[in-house]
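Worksheet for the structure shown next.
The values are calculated or read from the model by the stated rules, or taken from the named source; none is laboratory data. Since we're looking at a predicted model, the values are computed, not measured. Quick reminder, even Gly has a Cβ in these numbers, built from the backbone with ideal geometry, and neighbours come from all protein chains shown. Quick note on the areas: whole protein, heavy atoms, side chains included, nothing else; ligands and nucleic acids left out. Shrake-Rupley method; radii C 1.70, N 1.55, O 1.52, S 1.80 Å.
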Amino acid sequence: MSRVYNFSAGPAVLPEEVLKEAAEEMLDYKGCGMSVMEMSHRSKMYDDIIKTAEADLRDLMGIPDNYKVLFLQGGASQQFAAIPMNLMKNKKAGYIITGQWAKKAYQEAKIYGEAVELASSADKTFSYIPDCSDLAITDDMDYVYICENNTIYGTKFKTLPNTKGKDLVADVSSCFLSEPVDVSKYGIIYGGVQKNVGPAGMVIDIIREDLIRDDVLPGTPTMLKFKTQADNDSLYNTPPCYNIYICGKVFKWLKKNGGLEAMKQRNEEKAAILYNFLDNSKMFKGTVVPQDRSLMNVPFITGDEELDKKFVAESKAAGLENLKGHRTVGGMRASIYNAMPKAGVEALVTFMEDFEKKNLK
Ligand SMILES: Cc1ncc(COP(=O)(O)O)c(C=O)c1O
């Protein structure tokens, strides 16, 4: 077996320990003679899996009791519709546009009501986070929406916007569990799990209870009503059973490794190795303003498209996979999620140093 260093933005690297444990349990989960994949979601065995996963997540994030945790299908993108359907009482909400994922959520919300662009960083290819200290938030807005970590552009909100008392809804797909968060500052925190937490196809929603209501927009599908899912503890229908099981293992791994404070330290250390190199390189350049840099997604360029291509091809041959930038922006991007070991980032920087020596004219 040989494993590469996988810098994919998602689906992405998972802790090796978790994958090994899942492999060991594949045919016979804890002596029950079947795989978790084959198990009834109504069984006692599975009930333990989902309840333990939720309890561990609550513990890791310090989720207050008045927040529900939902494990849902449809990925993060499904929430682009579910959020306005459930929350747009006044049919109006504010969106901060910091990249493609925020823009997609904004465009989807427009189907259901008035989505107002409160701020944007489109003018500089989303390379920074706009000032959100005094936005034109009106009284009739149902919520303010952000994408907290912008996977494609590599920016992160270091301070949350001043929402002027409105509920904050945040897509945290690409920074989920990468550092501690104060859940009480949000109305909803949600994220697709395929970056820091587990296999693709599932989203975790953490929703303050008063936002789980019956009076949703007319036509909201039963499955997309938060209340349906909350009343049934994510078991209204068959949930993404295996995903929840793997996420549960990742939660245990996080707890064993010191929780979110320790993750933050580790992630800062890893990111610093790469950013320090980028700041001193004569060939490579980070594309994000230093104060808004993400700890998870690090885009960089050489300024020469041919050289970028060569870099991507040669790094792949050296066992450093998925460093090509998003198809819409080009260049390179290293995603260095929780499960990327420090040795992976060091190997990348060593490779970059060597590439620079060989190719700098
Ligand atoms: C920040 C962010 N939001 C949403 C999504 C979409 O997630 P999904 O593919 O689970 O719908 C992604 C996916 O990469 C993402 O990075």
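Could you run through the range 144-193 and say how many residues are surrounded by fewer than 19 Cβ atoms within 10 Å (Cβ to Cβ), closer than 14 Å to Ile129 by Cβ and touching a Lys or Arg at 6+ places or on another chain (Cβ under 8 Å)?
1
Listed here are the residues, each with its yes/no results for (1) more than 22 Å from the chain's Cα centre (by Cα); (2) within 23 Å of Ala102 (Cβ to Cβ); (3) within 16 Å of the ligand (Cβ to nearest atom); (4) assigned by TED's automatic domain parsing to the domain that holds Met263.
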| site | (1), (2), (3), (4) |
| --- | --- |
| Val13 | no, no, yes, no |
| Met45 | yes, no, no, no |
| Gly62 | no, no, no, no |
| Leu70 | no, yes, yes, no |
| Gln78 | no, yes, yes, no |
| Ala81 | no, yes, yes, no |
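What tally of residues in the range 200-213 results from selecting those that are touching a Phe, Trp or Tyr at 6+ places or on another chain (Cβ under 9 Å) and either open to solvent by 40 Å² or more (accessible area, probe 1.4 Å) or over 24 Å from Lys256 (Cβ atoms) (or both)?
Residues meeting the conditions: 8.
Just checking, which of Gly248, Gly259 is farther than 30 Å from Glu38 by Cα, in contact with a helix residue (DSSP H, G or I) (Cβ under 8 Å, 6 or more places away or on another chain) and of a type in the set (Gly, Ala, Ser)?
Gly259
Counting only residues that are touching a Gly at 6+ places or on another chain (Cβ under 9 Å) and not aliphatic (A, V, I, L, M), which one in the range 243-265 is most open to solvent (accessible area, probe 1.4 Å)?
For the range 243-265, the residue satisfying everything is Gln265.
Could you grab me the full set of residues in the range 175-188 that are within 12 Å of the ligand (Cβ to nearest atom) and either in contact with an Asp or Glu (Cβ under 7 Å, 6 or more places away or on another chain) or not aromatic (Phe, Trp, Tyr) (or both)?
Cys175
Assigned by TED's automatic domain parsing to the domain that holds Gln73, touching a Gly at 6+ places or on another chain (Cβ under 6 Å) and either outside any loop (DSSP other than H, G, I, E, B) or without any contact (Cβ under 8 Å) to a residue 60 or more places away in the chain (or both), is that true of Val197?
no
Can you tell me which of (1) under 18 Å from the mean Cα position of the chain (by Cα); (2) not in a loop (DSSP other than H, G, I, E, B) is the one Thr159 doesn't meet?
All conditions pass for Thr159, except number (2).
Residues are listed down the side, and each one gets a yes or a no for (1) outside the structural domain of Ala76 (by TED's automatic domain parsing); (2) touching a residue at least 24 places away in the same chain (Cβ under 8 Å); (3) within 16 Å of the ligand (Cβ to nearest atom); (4) under 19 Å from the mean Cα position of the chain (by Cα):
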{"position": "Asp167", "(1), (2), (3), (4)": "no, yes, no, no"}
{"position": "Ala170", "(1), (2), (3), (4)": "no, yes, yes, yes"}
{"position": "Ser173", "(1), (2), (3), (4)": "no, yes, yes, yes"}
{"position": "Tyr190", "(1), (2), (3), (4)": "no, yes, yes, yes"}
{"position": "Val203", "(1), (2), (3), (4)": "no, yes, yes, yes"}
{"position": "Gln229", "(1), (2), (3), (4)": "no, yes, no, no"}
{"position": "Tyr236", "(1), (2), (3), (4)": "no, no, no, no"}
{"position": "Ile244", "(1), (2), (3), (4)": "no, yes, yes, yes"}
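For the range 1-98, give me every one of the helices (runs of 4 or more DSSP H) that falls completely inside it and has 1 or more residues that are over 21 Å from Ala339 (Cβ atoms). Working first, answer last.
Details: elements: 16-24, 44-61, 75-87.
Passing ranges, in order: 44-61, 75-87.
Rundown of residues vs (1) among the aliphatic types (A, V, I, L, M); (2) over 22 Å from Trp253 (Cβ atoms), yes/no style:
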site: Leu19; (1), (2): yes, no
site: Met26; (1), (2): yes, no
site: Glu38; (1), (2): no, yes
site: Arg42; (1), (2): no, yes
site: Glu54; (1), (2): no, no
site: Ser77; (1), (2): no, yes
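Could you list all residues from the range 1-51 that are surrounded by 18 or more Cβ atoms within 10 Å (Cβ to Cβ) and without any contact (Cβ under 8 Å) to a residue 60 or more places away in the chain?
Correct list: Tyr29 only.
Give the range 205-227 a look and list any residue that's among the acidic types (Asp, Glu) and away from the ligand (no atom under 16 Å from the Cβ), or say none.
Glu209, Asp210, Asp214, Asp215
Would you check which residues across the range 308-340 are of a type outside the set (Lys, Arg) and either without any contact (Cβ under 8 Å) to a residue 24 or more places away in the chain or touching a His at 6+ places or on another chain (Cβ under 8 Å) (or both) and list them? Please lay out each step first, then the result.
Of the residues in the range 308-340, the ones of a type outside the set (Lys, Arg) are 308, 311-315, 317-323, 325-326, 328-332, 334-340.
Residues satisfying the conditions are Val312, Ala313, Ala317.
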